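Student: Quick one: structure below, then a few questions.
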Amino acid sequence: MPMYPQQPSSGLPDDPYRGATGPLPQQANPSWMGHVQPENYRAAPGHQGGPMAVLVPPGAQGAALQASRTRSGLVGLTVAGAVLAFMSLFLVVPFLLSNTGAGGFLIGFVASLIPLSVVLAAVHIIDRWEPEPKRLLFFAFTWGAAVSVAVTLLIQPFFVIAFQFTDEPDLQTYMATVQAPIVEEFAKSLGLLILLLAARRQFDGPVDGVVFAFTIAGGFAFTENILYFGRAIAESASPASDFAQVFFLRGVMSPFAHAIFTGTTGLIMGFAARRWHTGASMGAFFVGLLPAMFLHNRWNSMGQGFLLDYILVQVPIFLLAVGGIIFLRVAENRLTRQRLMEYSAAGWFTPAEVQLLATRGGRRTVLAWAAGSGRKHQMKQFVKAATQLANTRQRILSGRDVALHQAEERQQLQRIVSLRAAVAG
């Protein structure tokens, strides 16, 4: 794989942002996911072989500083999330212990790690093409496992007060089919809204929305499973059989139930992130809650005909979710390839490099090649940087925060050159 930038004639380049807008090229929209409006299209800045710093327009210096501050803001988001999670534990842990006892809590905690690992493995697979920052995934998980549970515990008493129930069974049905879908989905999705507003540069689209939603939902289900597994032991005359039954229902038959519920909200908010502004984000939050609450209600409403509903309704929904995620991943891969082809036309990559960087098979090839020369880590960084560059270009073409993302593009192109040199040795 040739690891050198093309070198056009030397000399100072034209301002790449002057007259950048123009007719929309035929291949600018490789899929519905990355649709570009003609008025937002800008050609990729050309590589002229001169010092990279020369290409930074003077007006972008302030935007570059703002980009640096935004990255620092992610650290603040992580710290704030950790503090909120820690404070939530003072409400969540006593609640769990009072319902499960120490022994039930311990067994429930260990058993809950199994379905959690399945959900997080799915998150890893979905997120492998363009991994999200670990600190944001940490925020998402802790929000789901602690903060959203605490929010649920604080809100649900108001639903009990509002319901004029006649007997205990009616109350239980109401709490399962009305209170739980509304309160739990609101509490979980509030974390998604915070991520979209506070880390919008990492919340690129529907795949990211699904990744964050699955992570939040996985954390929530983890804590909820501790409650159900532990209570099956603490309150049962035959704890072993009751625990096995509850574990089979929640840990084997439905580890992705919460993920699919909240995943619909993340999907809708991810589409809003493609054309980001505050009003669209808030609107997507409330619209996205509707299918999540509906699916949650349908799940909790299954009664005597549980097995039939599970086979005829829930299994097809799960398969549809799997198919939808695969469809999103294919569209994301095609979008990455197209955006890198535009940088290739501007001289930053060779066409052969784009094929290797923007396909799964190509990435395996270059990583194997780099491993043979002891530069696999550098190649991983190069592949990751190229993917991030493609996403930054998509944000530029969306027409949102253009100056900020152009400044980030300058920095990423500089890093591409440095990483190229490191891989080439």
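The values are calculated or read from the model by the stated rules, or taken from the named source; none is laboratory data. Given the structure is predicted, the values throughout are model-derived calculations rather than measurements. A quick note on method: Cβ atoms are made from the backbone with ideal geometry, for glycine too, and the neighbour counts reach across all protein chains shown. Each accessible area value is taken on the protein alone, full model and side chains, heavy atoms only, with ligands, DNA and RNA left out. Shrake-Rupley method; radii C 1.70, N 1.55, O 1.52, S 1.80 Å.
Student: Quick check: anything in the stretch 172-187 among the charged types (D, E, K, R) and in contact with a Ser or Thr (Cβ under 9 Å, 6 or more places away or on another chain)?
Tutor: Yes, because at least one residue in the stretch 172-187 is among the charged types (D, E, K, R) and in contact with a Ser or Thr (Cβ under 9 Å, 6 or more places away or on another chain).
Student: If you don't mind, another one. Considering only the stretch 408-416, I want to know if a residue exists there that is without any contact (Cβ under 8 Å) to a residue 24 or more places away in the chain and either farther than 25 Å from Arg334 by Cβ or in contact with a Lys or Arg (Cβ under 7 Å, 6 or more places away or on another chain) (or both).
Tutor: no
Student: Among the candidates Ala422, Ala345, which residue alone is at pLDDT below 90 and closer than 18 Å to Gly46 by Cβ?
Tutor: Only one candidate qualifies: Ala345.
Student: If you don't mind, there's one more thing I want to ask. For the stretch 313-425, give me every one of the helices (runs of 4 or more DSSP H) that falls completely inside it and has 2 or more residues that are touching a Leu at 6+ places or on another chain (Cβ under 9 Å), buried (at least 19 other Cβ atoms within 10 Å of the Cβ) and not hydrophobic (A, V, I, L, M, F, W, C).
Tutor: So the answer is 315-345, 376-397, 402-424.
Student: Every residue in the stretch 255-276 that is open to solvent by 10 Å² or more (accessible area, probe 1.4 Å) and either out of contact with any helix residue (DSSP H, G or I) (no Cβ under 7 Å at 6 or more places or on another chain) or among the aliphatic types (A, V, I, L, M) (or both), please.
Tutor: Across the stretch 255-276, the qualifying residues are Ala257, Ile260, Leu267, Ile268, Ala272, Arg274, Arg275, Trp276.
Student: Counting residues that are under 23 Å from Phe212 (Cβ atoms), which helices (runs of 4 or more DSSP H) fully inside the stretch 238-310 reach at least 1?
Tutor: 257-274, 278-300
Student: Examine the stretch 389-399 for a residue that is of a type in the set (D, E, K, R), at pLDDT below 90 and under 23 Å from Glu39 (Cα atoms), and state whether such a residue exists.
Tutor: The answer is yes; a qualifying residue exists.
Student: Out of the residues in the stretch 186-204 that are within 14 Å of Ala80 (Cα to Cα) and modelled with pLDDT of 90 or more, state the one that is most open to solvent (accessible area, probe 1.4 Å).
Tutor: For the stretch 186-204, the residue satisfying everything is Ile194.
Student: Now for a separate question. Return the residue satisfying two criteria in turn: it lies in the stretch 296-322 and is under 23 Å from the mean Cα position of the chain (by Cα) and without any contact (Cβ under 8 Å) to a residue 60 or more places away in the chain, and of such residues it is nearest to Ala257 (Cα to Cα).
Tutor: Residue satisfying both the conditions and the ranking: Ile317.
Student: Of the conditions (1) under 21 Å from Ile226 (Cβ atoms); (2) hydrophobic (A, V, I, L, M, F, W, C); (3) open to solvent by less than 40 Å² (accessible area, probe 1.4 Å); (4) in contact (Cβ under 8 Å) with a residue 60 or more places away in the chain, Val183 satisfies every one except a single condition; which number is it?
Tutor: All conditions are met except number (4).
Student: Go through Ala102, Ala121, Ala85 for me and flag whichever is of a type in the set (Gly, Ala, Ser) and surrounded by 18 or more Cβ atoms within 10 Å (Cβ to Cβ).
Tutor: Only one candidate passes the filter, namely Ala85.
Student: Let me ask you something else. Got at least one residue in the stretch 124-140 being open to solvent by less than 50 Å² (accessible area, probe 1.4 Å), within 16 Å of Leu89 (Cα to Cα) and in contact (Cβ under 8 Å) with a residue 24 or more places away in the chain?
Tutor: Checked the stretch 124-140: at least one residue is open to solvent by less than 50 Å² (accessible area, probe 1.4 Å), within 16 Å of Leu89 (Cα to Cα) and in contact (Cβ under 8 Å) with a residue 24 or more places away in the chain.
Student: Within the stretch 210-230, is there a residue that is out of contact with any Phe, Trp or Tyr (no Cβ under 7 Å at 6 or more places or on another chain), open to solvent by 50 Å² or more (accessible area, probe 1.4 Å), farther than 30 Å from Val330 by Cβ and in contact (Cβ under 8 Å) with a residue 12 or more places away in the chain?
Tutor: Yes: the stretch 210-230 contains one or more residues that are out of contact with any Phe, Trp or Tyr (no Cβ under 7 Å at 6 or more places or on another chain), open to solvent by 50 Å² or more (accessible area, probe 1.4 Å), farther than 30 Å from Val330 by Cβ and in contact (Cβ under 8 Å) with a residue 12 or more places away in the chain.
Student: While we're looking at this one, here's another question. Within the stretch 231-254, restricting attention to residues that are more than 30 Å from Gly324 (Cβ to Cβ) and among the charged types (D, E, K, R), which residue is surrounded by the most Cβ atoms within 10 Å (Cβ to Cβ)?
Tutor: Once the filter is applied, the top-ranked residue is Arg231.
Student: Kindly indicate whether Pro169 is open to solvent by 50 Å² or more (accessible area, probe 1.4 Å) and either modelled with pLDDT under 95 or not aliphatic (A, V, I, L, M) (or both).
Tutor: Spelling it out, Pro169 is indeed open to solvent by 50 Å² or more (accessible area, probe 1.4 Å) and either modelled with pLDDT under 95 or not aliphatic (A, V, I, L, M) (or both).
Student: Additional query: Hey, among Gly372, Gly288, Gly347, which residue is of a type in the set (Gly, Ala, Ser) and free of Cβ contacts under 8 Å to residues at least 60 places away in the same chain?
Tutor: Gly372
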